[in-house]
Amino acid sequence: MKLNRKSIVVLVLVLGSLFLSSIKVNGIQESVDVVIQTTEEDTNILHNVTVEMITDLDSHREDKIPSILPDGTFTAQFNVTNLSNLDLNALELSISTNDYGSIMNPTVSTTSSLERDESWLSEGYIIDLITSSTTVSKPLDLAIILDQSGSMGDEIYALTNDLVGVVNQISDDVQDLQIGLILFGGSSSNPYNDDSLVTPLTEDISTIVGVLSNTHASGGHEPWGDALWVAQNRLNWREGAVKLIILITDEPCDGGEVIGYGETDDYDGELLYELFASLESQGFILCTVAASGANGLTLRQLESAAETTAGTFIVLGGDGQQTGDLPDIIGELIVKYAVELDLKIDVSLSHLNYEEIREYRELTFVVLIDDLPPEIDTWEYFSEDFFTDDKIVNVLFEIKDVTGVPFVEIYYKFNNVNFWTTTNATHIANDTFLLSLIFTEYEEILYYQVYTEDWLGNDVLTEIYTVDLLSAEESSRLYMGKKRELVLVPYQQITLKLIGAEDEELRGLQENASAIIFSETDVGFDIIAADMDESTIIVDQDNCTITSFNIEPEHTIKVSFVSSEYVEIQVINAIKETLEFTQEINRYLGVEDVFLYELDNRINETRERSIVADSELVQTSILVFDAETWELLIKGSSEVVLPNITCYVLIFATYHTGDIFITFTYDDLYDPWGHYYGITETAYWSFFAAIIGIASIIILRKKQRK
């Protein structure tokens with residue numbers, strides 16, 4: 001069949017239009033009607049009845065769950081209160097336990113009636129714990145939902161290399177395990193309309209690893225709400241198995257086809273939280289892992305997801321678990337939810353309703369079996385007394401134990417003494433304790449050892465730790481062009497010395513450096529700052545979330561922070577450089593490096609300008625401040641569209657380090673690296689232009705032949 005020139009042009013235009021109408025540009029597609037299923041209101045009157053377990057065991061936990069040593073015996077009763085609007089008739093209560101316990105006097109507790117607002121106490125059940133060298137394991141189905149966008153290469157690599165080994169290690173404890181995989185993000189972003197991103201539940205872990213080995217981190221747009229919906233509704237979950245989902249990402253939820261339709265960027269609407277509730281109502285356990293570099297919205301969404309479904313929320317990075325620990329984390333979560341390590345008491349409550357039909361309600365209570373000593377994590381930091389200049393070494397102790405500990409005892413000595421001193425660490429919050437010691441220039445090393453025991457008597461004595469006190473002075477100094485992230489522990493002071501420009505060439509750029517100090521959340525902190533060279537207080541502010549001041553060349557500013565709550569703050573010491581419009585810069589960005597630019601973006605035109613700070617390997621944070629007030633206006637990543645004012649722009653690394661490209665220009669002239677962004681409309685029009693170009697060549701050749 002021969003086509004004339006006009007027919008070819010029409011065909012190309014039609015094909016191009018069809019292509020453009022079918023593609024997804026930044027997550028927008030034709031609307032679909034999706035209903036998230038919720039449970040119907042239960043008419044069983046017993047759901048308006050409370051049941052409380054009363055035992056002769058102690059509990060020092062906030063949730064009041066009791067604990068016991070192995071081989072113990074205890075008595076349990078159940079207090080039933082009728083909060084319904086009807087009387088209950090022929091009430092019956094019976095209990096059973098898992099394999100860790102035995103009921104010495106099994107019986108059914110009964111009462112003929114229970115009036116409204118009346119309480120009834122069941123029979124007392126004597127329960128004996130059974131020692132067993134084997135664990136009780138339940139079948140478990142696990143769906144790993146993994147972000148494959150450009151910043152997740154390390155996580156994909158860790159799972160590819162170590163997941164098989166971890167699953168083999170836990171195979172004796174969890175013998176009935178199926179694992180599935182759902183990918184999202186990247187150039188192919190949404191499993192809702194791409195089945196290739198979904199690997200069904202299987203016993204063959206090599207299938208999962210094979211998919212991971214062919215997965216490459218690239219692209220952006222992370223619609224993990226849709227990925228959760230797909231896991232809930234399309235995977236082959238088994239009846240009776242534990243349904244566990246582990247979501248791993250470093251970005252907030254982006255809008256998709258189901259959750260947040262029409263949203264191309266971060267979605268934080270009702271549909272997402274309704275999805276969490278729907279997962280909980282259907283018995284799913286959702287554990288969430290925030291990869292290194294996750295921002296505040298990501299942390300809030302992931303924590304809410306885990307909390308709603310009684311799952312576990314984990315943050316990678318900092319002083320905690322790292323990316324390389326990810327396979328072990330997954331193994332630990334599988335064991336945690338598949339293996340019963342505690343005594344479970346199942347309560348069956350029933351009554352005769354007005355139709356003389358017996359209605360039932362099932363409840364489960366837990367008694368913790370604890371024969372393990374507490375786990376202790378320690379870390380140190382230095383500070384100074386703001387007024388006396390006394391140097392202080394602070395040691396934080398985080399104690400992990402299911403029953404909690406009543407005290408933490410410290411044995412310590414300095415290198416210039418021969419005897420040990422005993423003291424108790426201060427309990428400051430939850431499971432965190434603190435020891436603060438003043439030291440002098442004659443004391444170079446601190447030795448300390450920790451002893452504690454939980455409420456059941458399980459105890460631990462740690463090894464002897466050492467702290468190099470000679471590093472205190474340097475660790476408390478923050479030089480120009482650097483930043484420091486600090487975690488403020490409630491009511492404990494941290495002091496830093498911010499050093500002004502020392503290099504003559506740098507001092508020539510600008511007379512003063514700038515200090516910018518801000519909270520990563522809305523939690524405030526108290527700050528006092530003094531110029532040590534002039535002996536003057538320059539800042540004295542309570543409950544602030546952001547502040548700034550100048551640092552003169554070769555001056556030292558002593559800054560002290562304190563907060564009544566846990567709060568992460570960023571402390572910046574930077575010299576402002578001027579970035580002109582269309583200027584392009586290549587800079588190396590390290591872990592503590594920070595760049596601060598002044599940009600005059602006062603323009604009288606409709607075309608927007610942006611600042612780009614990006615590279616193939618490095619993800620940056622970009623903060624935009626009002627140059628007059630230092631008000632924080634924008635927090636973004638890699639590219640930010642600028643307001644029509646003179647502003648300060650702060651740039652630092654949030655993921656990886658290395659060379660970055662910086663420019664101040666029109667926002668449509670530069671496309672940042674695709675692994676942090678969704679496929680743009682520009683790319684599709686380029687494709688369309690290529691089609692037209694190819695068609696033109698064909699037409700010209702046909703014309704030449706004639």
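Only the coordinates and a few stated rules stand behind these numbers; no lab work does. Just so we're clear, the structure is a prediction, and the values are computed from it rather than from any experiment. Glycine gets a Cβ as well: all are built from the backbone with ideal geometry, and neighbour counts include every protein chain shown.
Its alpha carbons give the chain an Rg and a Dmax of 31.0, 104 Å.
In angstrom, the C-alpha Rg and Dmax of the stretch 579-679 are 12.8, 38. Restriction of the GluC sites (Glu not before Pro) in the stretch 69-134 to DSSP coil positions whose beta-carbon has at most 11 other beta-carbons within 10 angstrom yields Glu115. Can you list the residues of the stretch 611-641 with backbone N under 17 Å from a point 7 Å past the Cα of Glu485, pointing along Cα to Cβ? Output list for this probe position: 618-623, 635-638. Spatially, the stretch 269-289 and the stretch 613-629 are offset by 33 Å when compared through their Cα centroids.
Of the residues Leu279, Gln492, Thr547, the one whose Cα sits farthest towards the positive end of the charge dipole of the chain is Leu279 (charges of +1 on Lys and Arg Cβ, -1 on Asp and Glu Cβ, taken about the Cα centre).
Distance cut-off 23 Å, Cα to Cα: go down the list Lys483/Lys576; Lys391/Lys576; Lys558/Lys635; Lys64/Lys243 and report the pairs above it. With Cα atoms farther than 23 Å apart: Lys391/Lys576; Lys558/Lys635; Lys64/Lys243.
Across the stretch 559-569, rounded Karplus estimates of 3J(HN,Hα) from the backbone phi angles (6.51 cos²θ - 1.76 cosθ + 1.60, θ = phi - 60°) give 10, 10, 10, 7, 9, 8, 9, 5, 7, 8, 10 Hz, Gly and Pro being marked x. Compared with the alpha-carbon gap, the fully stretched path from Glu554 to Asn418 is longer by 44.8 nm at 0.36 nm per residue.
Taking other residues whose beta carbon is less than 11 angstrom from the beta carbon of Asp268, and scoring Lys, Arg as +1 and Asp, Glu as -1, yields -4.
The GluC sites (Glu not before Pro) found in the stretch 200-299 that occupy coil by DSSP, while having at most 15 further C-beta atoms within 10 Å, are Glu203, Glu239.
Taken as Cα centroids, the stretch 369-387 and the stretch 53-76 sit 27 Å apart, rounded to the nearest whole angstrom. Stretching Leu341 away from Glu592 to a fully extended chain increases their span by 86.0 nm, per 0.36 nm per residue minus the current alpha-carbon distance. When Cys544, Cys287, Cys253 are sorted by how many other C-beta atoms sit within 10 angstrom of their C-beta, beginning with the fewest, the order is Cys544, Cys287, Cys253.
The loop-placed trypsin sites (Lys or Arg not before Pro) in the stretch 543-638, going by DSSP, that have at most 15 neighbouring Cβ atoms within 10 Å of their Cβ come out as Arg602, Arg607. Answer rounded, prolate or oblate for the stretch 136-340, using the Cα gyration tensor with square roots of eigenvalues a ≥ b ≥ c: rounded when a/c is under 1.5, else prolate when a/b is larger than b/c, else oblate. Cα axes put the stretch 136-340 in the rounded bin. Label reach from Gln169 (point 7 Å along Cα→C-beta): in the stretch 311-336, amide nitrogens under 14 Å belong to 322, 324-336.
Considering only Thr582, Ile603, Ile622, and ranking their Cα positions along the charge dipole of the stretch 579-679 that arises from unit charges at the beta-carbon of Lys, Arg, Asp and Glu, the one farthest toward the positive end is Ile622. Multiplying the residue separation of Tyr666 and Glu92 by 0.36 nm and subtracting their alpha-carbon distance yields 199.2 nm. Taking other residues whose beta carbon is less than 14 angstrom from the beta carbon of Ile516, and scoring Lys, Arg as +1 and Asp, Glu as -1, yields 0.
Here the spin labels are modelled as points 7 Å beyond Cα on the Cα-Cβ line, and at Ser112 and Thr440 they lie 8.4 nm apart.
The distance between label points at Val51 and Glu631 comes to 5.6 nm (points 7 Å beyond Cα on the Cα→Cβ vector). Rounded to the nearest 20, the size of the Cβ-charge dipole of the chain about its Cα centre is 3940 debye, with Lys and Arg at +1 and Asp and Glu at -1. Of interest is the spacing of the C-alpha centroids, which for the stretch 526-540 and the stretch 419-467 amounts to 33 Å. Taking label points 7 Å from Cα along the Cα-to-Cβ direction, Ile428 and Tyr411 give a separation of 2.5 nm.
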